[in-house]
Structure formats: C-alpha cells, structure tokens
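Some notes on the structure that comes next.
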Amino acid sequence: MSLYVDIEKRCGDFLLRVRFETENEMFAILGASGCGKSLTLKCIAGIEKPDTGVINLNGEVLFDAAKKINVPTRKRNIGYLFQDYALFPHMTVFQNIMCGAKDKDKTREYIERFFLKGKERLYPAQLSGGQKQRVALARMLAQNPRFVMLDEPFSALDNYLKTQLEREVMNVMESFENGGIFVSHDRNEVYRLTDRIAVMEHGSIVDIQSKHGIFDAPKTLAATLLTGCKNITRLERRKTGYFALDWGIPLSGVDAAGAPDTVFCYAGVRAHFLEPVCAYEREVENVIACEILRVIEDTFSFIVLFTNRAVEMKTGYAVMTYELPKEEWQKIKDKPLYLRVPADKLILMEK
C-alpha cells in the first residue's frame with residue numbers, strides 16, 4: 001500500500017508543510033510535542049482539511065485541493081489510533097471492540113490478544129489509561145483497515161505492559177502487509193517498530209532516512225537531538241581546521257568527511273562512543289581532559305557529566321555526557337579522566 005502526502009495547512013501562527021511517501025512499510029514520524037505530528041495524521045484521515053496539496057493512497061486520490069476532492073473520513077478506511085483513545089463512553093469494552101470487529105467471535109479474539117479478558121463489561125470511565133488504549137488499538141485493528149496510523153500508542157502504559165503490547169503490534173504489523181504510520185517522540189520506540197523514519201520540526205520534515213541511517217548519520221541538528229545524541233558542539237572553521245567551540249578542542253576528522261566546499265556547522269558524538277585514554281595519551285587528537293561534575297548511577301551503567309577542565313567554566317563550554325557499563329567505570333573511576341572523541345563516530349551537520 002503506497003501513500004503520498006504533499007500538503008500545507010495553517011493553524012493560526014503554525015504552518016504545517018509536509019511532503020513524504022511510503023510504500024508497504026511501517027513509517028515513523030519522530031518529533032517533539034507540538035511539531036505537527038498529530039495534525040499530519042488528522043489530515044491524512046480526513047479529520048482536518050489541508051489548505052493546499054494532495055493525499056494519494058494506493059492510487060486513489062483522498063484529497064486534492066486544486067481538483068476540490070476531499071473523500072470523507074468514513075470512506076477512507078484508514079485505521080487511526082488517537083492519543084485520547086476516542087472510545088464510545090456509553091459502550092462497554094466488548095461493544096467498543098465489536099464496533100470494529102462486527103463479529104462476536106472476532107471480538108473475543110481481540111479481547112484475548114490485547115489482555116482485556118475480565119474487562120468486557122466495563123465502560124471507558126472504569127478503565128485505566130493503558131486499558132483504554134488497548135481497547136482503542138483492538139477496535140482499530142479489528143475493522144481490517146487498509147492502512148493504519150498509530151499516534152503515540154504506548155504513552156499511557158507501564159514498562160511491562162508496553163513491552164507486551166509492542167510485541168503484539170510487531171506481530172500484527174508483520175502480518176499486515178499494507179504498512180502504516182507510527183508517530184512518537186520516543187526514539188527507541190520508532191527504532192524498534194519501524195523501517196524508515198522522518199524527523200519533524202516546527203511543522204516540516206527535516207530528515208528522512210532508514211532507521212539505521214538516521215541514527216548513524218542524522219543530517220540536521222534537530223534530527224541529531226531527537227535521536228538522542230547528548231553531546232553537541234558548534235563548529236568554527238579556522239585556518240588550521242575545525243574547532244569545537246563548546247568542547248574547547250580542535251577537532252580532527254571533519255575536513256575529510258565532506259566535499260571540499262562543504263561547511264559543517266555542528267558536530268555530535270553519542271555518549272557511549274567516547275573512549276577513555278591514559279594520561280600519557282592526552283596529546284592525542286580529539287582528547288578532552290575531563291572535569292567531572294557528577295556521576296549518576298543508572299540501572300546498568302554509569303553516566304558521567306563532565307566539561308573540559310583545560311578551559312574556564314565561566315566561558316560557557318558545554319556539559320558533556322559519557323555513558324559506560326558499571327564494571328568499566330569501576331576500573332577507571334579513581335584515575336584522572338581523559339576521553340577521546342573518535343573521528344569515525346562524529347555526527348557532522350551542515351544545519
């Protein structure tokens with residue numbers, strides 16, 4: 001199932017300008033709250049009407065502003081899981097799912113599949129947020145939509161139930177050949193559940209790549225931040241090469257990374273890619289003499305917050321993050337810390 005979207009819609013001072021296409025895949029839109037993710041889905045579903053543009057699903061025009069085509073929501077047959085669940089308050093769990101399934105046996109199957117056994121006679125007001133979300137997901141999938149859209153489907157779930165439902169969604173999507181769109185602000189969710197990821201910022205898509213590509217080499221600062229990179233620096237191009245303004249070091253490996261006329265504005269490195277070196281190696285390229293500010297114990301690792309002790313804190317150099325397994329931290333915690341930024345792990349951005 002192919003989907004082509006090229007639309008604009010203005011809501012007050014906010015302008016949504018989105019163009020993308022997807023075919024037979026789970027496609028993700030990753031972005032912060034308020035960036036336009038949900039508005040995009042509502043335009044595709046027919047709940048909101050774009051000002052201009054085209055929406056085409058598998059060769060069928062759902063919306064075309066120039067040709068005055070706007071297929072009603074009920075005729076688009078797109079399964080849409082809302083953030084607020086949109087359950088019928090006067091119907092029980094069984095009745096809500098039955099609205100999609102149209103069959104009692106199928107309804108029971110979905111009740112079992114989505115861990116709702118024993119809740120069949122309850123009304124939405126009697127359910128927790130996670131239970132409501134499961135009912136909404138079951139109702140959506142039970143209606144056999146030709147395309148599905150999931151808007152933050154796991155936001156109200158505890159970790160255990162989230163893991164269970166993620167597996168169920170994976171199983172369903174593997175058997176659902178038409179593909180769909182998964183919207184989230186959680187980078188780990190989109191990485192686990194989708195094939196290709198679009199990063200959205202301020203109403204526009206700023207980067208689209210495979211999930212591996214967008215985590216290995218995001219093209220923009222927004223994409224780098226949203227994919228979880230904690231160490232970012234502005235770059236300044238000098239006669240001797242690039243200087244990392246927020247890390248306080250000359251940064252080798254940047255000039256060779258792009259075309260001769262490429263100018264990089266930012267660089268980043270993920271917290272787990274930093275490499276500890278011995279004190280006698282501190283003159284090696286890209287090494288930071290660390291002033292440790294705080295050490296935080298996480299579940300399976302230590303997180304070290306530090307800055308470059310070779311410069312004065314008052315100059316505003318960035319606090320950086322180094323993450324490593326607990327057993328590795330025990331080996332080095334009592335020694336001066338020097339960390340190298342590997343040139344081959346740098347994320348370089350032009351904007």
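Only the coordinates and a few stated rules stand behind these numbers; no lab work does. From a predicted model like this one, the values you see are computed outputs, not experimental measurements. Neighbour counts are summed over all protein chains in view; Cβ atoms, including those assigned to glycine, are modelled from backbone coordinates with ideal geometry.
Structure summary
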| read-out | value |
| --- | --- |
| DSSP-assigned coil residues among trypsin sites (Lys or Arg not before Pro) in the range 9-105, each with at most 14 further Cβ atoms within 10 Å | LYS67, LYS68, LYS102 |
| Charge dipole (debye, nearest 20) of the range 78-191; +1 at Cβ of Lys and Arg, -1 at Cβ of Asp and Glu | 420 |
| Percent RCO, i.e. relative contact order, over the range 63-142, from Cα pairs under 8 Å lying at least 6 residues apart | 38 |
| Taking the range 4-104 and dividing mean pair separation by its residue count, relative contact order in percent (alpha carbons under 8 Å, at least six apart) | 21 |
| Sparse-neighbour loop sites [trypsin sites (Lys or Arg not before Pro); the range 123-222; at most 16 other C-beta within 10 Å; DSSP] | ARG146 |
| Average projection area in nm² (convex hull over Cα atoms of the range 73-181, one quarter of hull surface) | 6.4 |
| Alpha-carbon Debye profile of the range 200-332, log10 I(q)/I(0) at 0.14, 0.16, 0.20 Å⁻¹ | -0.75, -0.96, -1.34 |
| Relative contact order of the range 226-351, defined on C-alpha pairs under 8 angstrom at six or more residues apart (%) | 32 |
| Kirkwood Rh in Å, taken over the range 118-178 so that all alpha-carbon pairs contribute | 12.5 |
| Distance violations [Cα-Cα > 20 Å] among LYS106/LYS162; LYS219/LYS345; LYS9/LYS37; LYS9/LYS42 | LYS106/LYS162 |
| Dipole magnitude of the chain, debye to nearest 20 (Cβ charges: Lys/Arg +1, Asp/Glu -1, about Cα centre) | 1020 |
| Förster radius 41 Å - calculated FRET efficiency between ASP84 and ILE332, Cβ distance, rounded to 0.05 | 0.25 |
| The range 17-140: Cα Rg divided by the 2.2 N^0.38 Å rule of thumb | 1.23 |
| The chain, helix-only ellipticity at 222 nm - DSSP H runs n ≥ 4, -39,500 (n - 2.57), divided by all residues, nearest 500 | -7000 deg cm²/dmol |
| Net lengthening on full extension, TYR160/ASP64 (0.36 nm per residue, minus Cα-Cα) | 30.2 nm |
| Gain in span if fully extended, VAL319 to ARG19, counting 0.36 nm per residue against the direct Cα distance | 104.4 nm |
| Identified option (computed volume of the Cα convex hull per residue in Å³; candidates (1) 180; (2) 130; (3) 140) | (1) |
| For the range 278-294, 3J(HN,Hα) per residue [Karplus equation, 6.51 cos²θ - 1.76 cosθ + 1.60, θ = phi - 60°, Hz, x = Gly/Pro] | 6, 4, 6, 9, 5, 8, 5, 4, 6, 9, 10, 7, 8, 9, 6, 9, 6 |
| Estimated vicinal HN-Hα couplings, Hz - the range 331-340 in sequence order (Karplus 6.51, -1.76, 1.60; Gly, Pro = x) | 6, 10, 5, 9, 10, x, 9, 10, 10, 9 |
| Rounded to the nearest 20 debye, dipole of the range 198-336 from Cβ charges on Lys, Arg, Asp, Glu | 220 |
| Partner aspartates and glutamates for LYS68 [C-alpha distance under 17 Å; skip if fewer than 8 residues away on the same chain] | ASP6, GLU8, GLU48, ASP51, GLU60 |
| ASN171/ASP6 FRET efficiency (R0 45 Å; Cβ-Cβ; nearest 0.05) | 0.90 |
| In nm, spacing of pseudo-spin labels at ASN77 and TYR123 (7 Å Cα→C-beta vector) | 3.4 |
| Between the range 224-238 and the range 259-313, the Cα center-to-center distance that results, in Å | 12 |
| 15 Å Cα-Cα reach of LYS102 towards aspartates and glutamates, excluding residues that sit fewer than 8 places from it in its own chain | none |
